[in-house]
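All remarks here apply to the structure that follows.
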């Protein structure tokens, strides 16, 4: 039994990376994940990753923020301490709009950003789970779970044929832990 | 797909030969990974002296109260609110570049958005310090928040634009911060993975454990797009609300419905001028000529020209409406701008903002770096005077001649203002030292489609309309970072 845990196909060019994904999929080799220094459009569709639902989260948080401040202002100015300003209506909706808008935006932004951090496991101090340190610089890396995916030589050949500049057989999953 | 060839008639966004993904990282991170040069230290020393002046002046103000400023019963707002509006306006360009230009798919924003957003954050910090300071007793700032208190509770008045402003500025700062920092995560991860030892630990914490996996990027892009979508109306709302601080009053010169669009245009105008001021120096000192090219400079100058002209039209409209309103106080206020004792301030305002920027109709001016830089400073001066004219000139002679007065700044007024510029530059210089000043991931994104080398390859391959190629080559002449001899033969 080989001690290889993950096979990494390291590419110099995003187009070759896409080619590599196609070839692996044609040969029914499951891909664990792909690490790139920049967003590559179309890769999520290839890997069958569904569209992000963060937009819905943003919408819901925005609704919460807007309703919350509108309700609060209603309570302050209409219910708790109505002020007679020249006999004008206490419930002066146009005056409520600026703050309602601001909190809609504030809640939508922060709610969505924190949902993103939460769902992607991003927070200050999290140990980076990096398989190849160059994947944040100039290399495009396809990671393949070696367990069950045998023979490894075939995978290496597929990656090389697709244009990988380097194929690594890693004994450890992540290189970033000291 | 990751790349497709872009039309040849578009100017390149990245110049230089043999630019690779690794080269972009190396170029952008050079100031972060190495000790700063002499220029940085000189700049930082001067800026920190300015920041020190700010600390002294603001402490003096807090200790003795705003009586230390030159305010009087008639002119109750002067350099404080002038400085506040000036800084908030400057901040607007960062959001405009990062959000509005993203929605419009303007790829040239990719290399300037990071530093412009940083500028937004620092400018809003400067603006916020004015708000705190002008309250006189800054700890009373807590009463601008609707918190339960022992008076009833006596809530804040949500009918007042000043309270809207508290919400607008704080939201604007918070949203800009999250937008900026989310965008920084992948680039901080790049620094982390190249660093060792303590640096690596620090950047590791700052990077939130970013990996660059497919899902991370997919969500990142969704977040960026939605943040851009909500920031766009937000940035418009912020200066609209700032303008309502004035427009909802009954003060002649302030009480006009044109203020919101006029202020927003002015904000974008002054913000782009400040971006230009900073980036023309930054690109030279940090050697980023290949990423912040002449195309970027000219595009920003075009925006300055457009917004400057919008502001000019607003000035004319203001005058016409003052005349057309038939209100004698309104008419006098505008006449007083020219024949009153502050005529010189009005001359600075109209001269710097409208007359000088009209020079940018000429392509020679737009693509000349020293002239662009000087013009950007002139715009910043002009926009400061615009706020001064609106605030002080309107206030000093409004209704009752017996209460007419002049405003004379004290050294504390001047110190807080000059100091805030020092504070701003101190923060900016620290930023370019510790964080990547160009969004590397976003620049890498356009390397294969919009770079000079990609376009050169297309030309060398042939199959292009020769007229288009000639058009492209003619456009390259203005670029200072392109080897023109390469194009003589092709």
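Read-outs throughout are calculated quantities, based only on the coordinates presented, and are distinct from any laboratory measurement. Model, not experiment: these values are computed from the prediction. Cβ coordinates were reconstructed from backbone atoms using ideal geometry, including for glycine residues, and neighbour counts include every protein chain displayed.
In this structure, residue B:9 and residue B:103 have a Cβ-Cβ separation that, at R0 = 35 Å, corresponds to a calculated FRET efficiency of about 0.90. For region A:14-29, the residues whose amide N sits under 12 Å from a probe point set 7 Å from the Cα of residue A:161 along the beta carbon direction are A:20, A:23-28.
Where a ≥ b ≥ c are the square roots of the eigenvalues of the C-alpha gyration tensor, would you call region B:174-228 rounded, which needs a/c under 1.5, or, failing that, prolate if a/b is larger than b/c, or oblate? Because a/c hits 1.5 or more and a/b fails to exceed b/c, region B:174-228 counts as oblate. For the peptide B:456-465, the mean number of other protein chain Cβ atoms found within 10 angstrom of a residue's Cβ is 0.
Dividing the mean sequence gap of close Cα pairs (under 8 Å, 6+ apart) by how many residues chain A holds gives a relative contact order of 52 percent. To the nearest ten degrees, helix A:152-162 and the longest principal axis of the Cα atoms of chain A are 70 degrees apart.
Segment residue B:40..residue B:248, full-extension length gain: 70.4 nm, with 0.36 nm per residue of separation and the alpha-carbon distance subtracted.
Here each label is just a point 7 Å from Cα along the line to Cβ, and for residue A:153 and residue B:302 those points are 5.9 nm apart. Just how far, in whole angstrom, is region B:346-370 from region A:41-57 if you go by their alpha carbon centroids? Using only Cα atoms, the two centres lie 46 Å from each other.
For chain B, the longest principal axis of the C-alpha atoms and the axis of helix B:259-285 are separated by about 50°. Taking every residue in A:109-116 and counting other chain Cβ atoms within 10 Å of its Cβ, the average works out to 6. Projected label points at residue A:81 and residue B:149, each 7 Å from Cα along the beta carbon direction, are separated by 0.7 nanometres.
Expressed as a whole number of Å, what is the distance separating the alpha-carbon centroids of region B:403-471 and region A:116-178? Their Cα centres are 35 Å away from one another.
Of A:159, A:77, A:106, which is the most mobile in a GNM of chain A whose springs link Cα atoms less than 10 angstrom apart? Result for chain A, Cα springs under 10 Å: A:77 fluctuates most.
So, R0 is 30 Å and r is the distance between the beta-carbons of residue B:63 and residue B:405; what FRET efficiency does that work out to, to 0.05?
So, using R0 = 30 Å, E works out to roughly 0.70.
Exposure proxy for A:63, B:126: other Cβ atoms within 10 Å of each Cβ, ordered fewest to most, give A:63, B:126.
Name the shape class, rounded, prolate or oblate, that the alpha-carbon gyration tensor gives for region B:283-404, where a ≥ b ≥ c are the square roots of its eigenvalues, rounded holds for a/c under 1.5, and otherwise prolate holds if a/b is larger than b/c and oblate otherwise. Note, shape of region B:283-404 comes out prolate.
Using the Cβ-Cβ distance between residue B:359 and residue A:133 with R0 = 60 Å, the FRET efficiency computed as 1/(1 + (r/R0)^6) comes to roughly 0.75. Note on region A:125-178: Cα convex hull, mean projected area over all directions, 4.5 nm². Summarised in one figure, the compactness ratio Rg/Rh of region B:336-490, Cα atoms and Kirkwood Rh, is 1.18.
Peptide A:94-100 has a mean of 5 when you count, residue by residue, the C-beta atoms of other protein chains within 10 Å of its C-beta. Taking the C-alpha atoms only, the angle from helix B:161-194 to the longest principal axis of chain B is near 20 degrees.
With Rh defined as the Kirkwood radius, the inverse of the mean 1/r over Cα pairs, the Rg/Rh of chain B is 1.00. Average projection, convex hull of the Cα set of the protein assembly as shown: 34.2 square nanometres.
Kindly identify region B:35-91 as rounded, prolate or oblate by the Cα gyration tensor criterion: order the square roots of the eigenvalues as a ≥ b ≥ c, call it rounded if a/c is under 1.5, otherwise compare a/b with b/c, prolate if a/b is larger, else oblate. Here region B:35-91 falls in the oblate category.
Across region A:54-119, how large is the tail of the calculated P(r) beyond 20 Å, expressed as a percent of all Cα pairs?
38
Annotation: peptides B:438-448, B:411-421, A:81-91, B:49-59, ranked by per-residue average of other Cβ atoms within 10 Å with the highest first, follow the order B:438-448, B:411-421, B:49-59, A:81-91.
Note that chain A, at 10 °C in a medium of 1.306 mPa s, gets a Stokes-Einstein diffusion coefficient of 79 µm²/s from its Kirkwood radius over C-alpha pairs. Model label points for residue B:181 and residue A:121, set 7 angstrom from Cα along the Cα-to-Cβ axis, are 2.2 nm apart.
Ordering B:212-222, A:113-123 by mean Cβ neighbour count within 10 Å, with the highest value first, yields B:212-222, A:113-123.
For residue B:433 and residue B:319, the difference between the fully extended length at 0.36 nm per residue and the C-alpha to C-alpha distance is 36.4 nm. Evaluating kT/(6 pi eta Rh) at 37 °C and 0.692 mPa s, with the Kirkwood radius of region B:1-143 over Cα pairs in the Stokes-Einstein relation, gives 171 µm² s⁻¹. Among DSSP beta bridges whose residues both lie in the protein assembly as shown, state the antiparallel percentage, nearest 5. Antiparallel bridges: around 95 percent, rounded to the nearest 5.
Sequence-distant contacts, meaning Cα pairs under 8 Å at least 6 residues apart, place the relative contact order of chain B at 34 percent. Here the gap between residue B:468 and residue B:225, fully extended at 0.36 nm per residue and compared with their Cα-Cα distance, gives a gain of 84.2 nm.
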